[in-house]
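The values are calculated or read from the model by the stated rules, or taken from the named source; none is laboratory data. Quick caveat: nothing in here was measured; it's all calculated off a predicted structure. Cβ: placed from backbone, ideal geometry, glycine included. Neighbour counts: every protein chain shown. Accessible surface is based on the protein model in full, side chains and every heavy atom, while ligands, DNA and RNA are left aside. Shrake-Rupley method; radii C 1.70, N 1.55, O 1.52, S 1.80 Å.
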Amino acid sequence: MSKELEQNENKLIAERRAKLAKIREQAVENNTNPFPNNFCRKNLADDLQKKYSHRSKEELESSNQVVSVAGRLIRNRGAFMVIQDMSGIMQLYVVKEARSFVKNLDLGDIVGVNGVLHKSGKGDLYVSMDDNYLLTKSLRPLPDKHHGLLDKEMRYRQRYVDLIVNPETRDVFKIRTKIINFIRSYLNKKILWKSKRLCFKSSQGEPPRAHLSLIIMPWILICIYV
């Protein structure tokens, strides 16, 4: 990281720390918890998309469907905010009463929202910010949304950031997890092994070999790298 970029990042961190201090001061004045732990998410973004995306704007308005969503703030579009949870993204509409709450938010913050589900004229679902909670304040800025996290070494050193900003990385980890779970499930059903993680290195350039006493037969250990 260049000296100029480091200075800019330090400036952004200082600004976010100032916002955090302000949030804590307001909480003390109002005798409230700045990071409440009584919020309970009841809906995932992808589940809402699947269940309500086919309904018309008028149907949603008449049903007055109240939902509870939570996620990381990834975009600020003025009147609309976009959050990302483990399943996908959801838009939030900043109502008049929520403007003071939004002023202290930054990209990367994790928020919880209770509100009525609506559909825009373009057909996009959004939740009105009727009841809002700041769950986690992000002090470090996310990578640029257009360029993402391109530095390979940084992606490996800060895998959590890579998982936040790169959907392709999240997909790879989901697939990897499914493959490993399938292999474990298959072997457990066949009673072929005892659960144990082993790591070997071969100086011969060949896959390391192990002998499982449970089934008395040779196996080749395969390492899956991401």
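Just to be sure before I move on: is Leu73 out of contact with any helix residue (DSSP H, G or I) (no Cβ under 9 Å at 6 or more places or on another chain), surrounded by fewer than 18 Cβ atoms within 10 Å (Cβ to Cβ) and outside any helix (DSSP H, G or I) in the structure I sent? Steps first, answer last, please.
Working: out of contact with any helix residue (DSSP H, G or I) (no Cβ under 9 Å at 6 or more places or on another chain): yes; surrounded by fewer than 18 Cβ atoms within 10 Å (Cβ to Cβ): no; outside any helix (DSSP H, G or I): yes.
When the stated conditions are applied, Leu73 does not pass them.
Looking only at the stretch 122-156, count every residue that is farther than 30 Å from Pro36 by Cα, modelled with pLDDT of 80 or more and open to solvent by less than 80 Å² (accessible area, probe 1.4 Å) and tell me the total. Give the derivation first.
Residues of the stretch 122-156 farther than 30 Å from Pro36 by Cα: 122-123, 146-156.
Still in the running and modelled with pLDDT of 80 or more: 122-123.
In the following step, the residues that additionally are open to solvent by less than 80 Å² (accessible area, probe 1.4 Å) were identified as 123.
Total satisfying the criteria: 1.
Among (1) open to solvent by 20 Å² or more (accessible area, probe 1.4 Å); (2) within 13 Å of the chain's Cα centre (by Cα); (3) of a type in the set (Ser, Thr, Tyr), which single condition is Thr169 missing?
Unmet condition: (1).
Residue check: is Asn37 more than 17 Å from Met129 (Cβ to Cβ) and out of contact with any Phe, Trp or Tyr (no Cβ under 6 Å at 6 or more places or on another chain)? Lay out the reasoning, then the answer.
Numbers: more than 17 Å from Met129 (Cβ to Cβ): yes; out of contact with any Phe, Trp or Tyr (no Cβ under 6 Å at 6 or more places or on another chain): yes.
It is true that Asn37 is more than 17 Å from Met129 (Cβ to Cβ) and out of contact with any Phe, Trp or Tyr (no Cβ under 6 Å at 6 or more places or on another chain).
Can you tell me which of (1) surrounded by 18 or more Cβ atoms within 10 Å (Cβ to Cβ); (2) under 17 Å from Ser128 (Cβ atoms) is the one Gln84 doesn't meet?
(2)
Val102 is checked against (1) surrounded by fewer than 16 Cβ atoms within 10 Å (Cβ to Cβ); (2) more than 19 Å from Leu44 (Cβ to Cβ) and fails just one. What number does that condition carry?
Result: Val102 fails condition (1) only.
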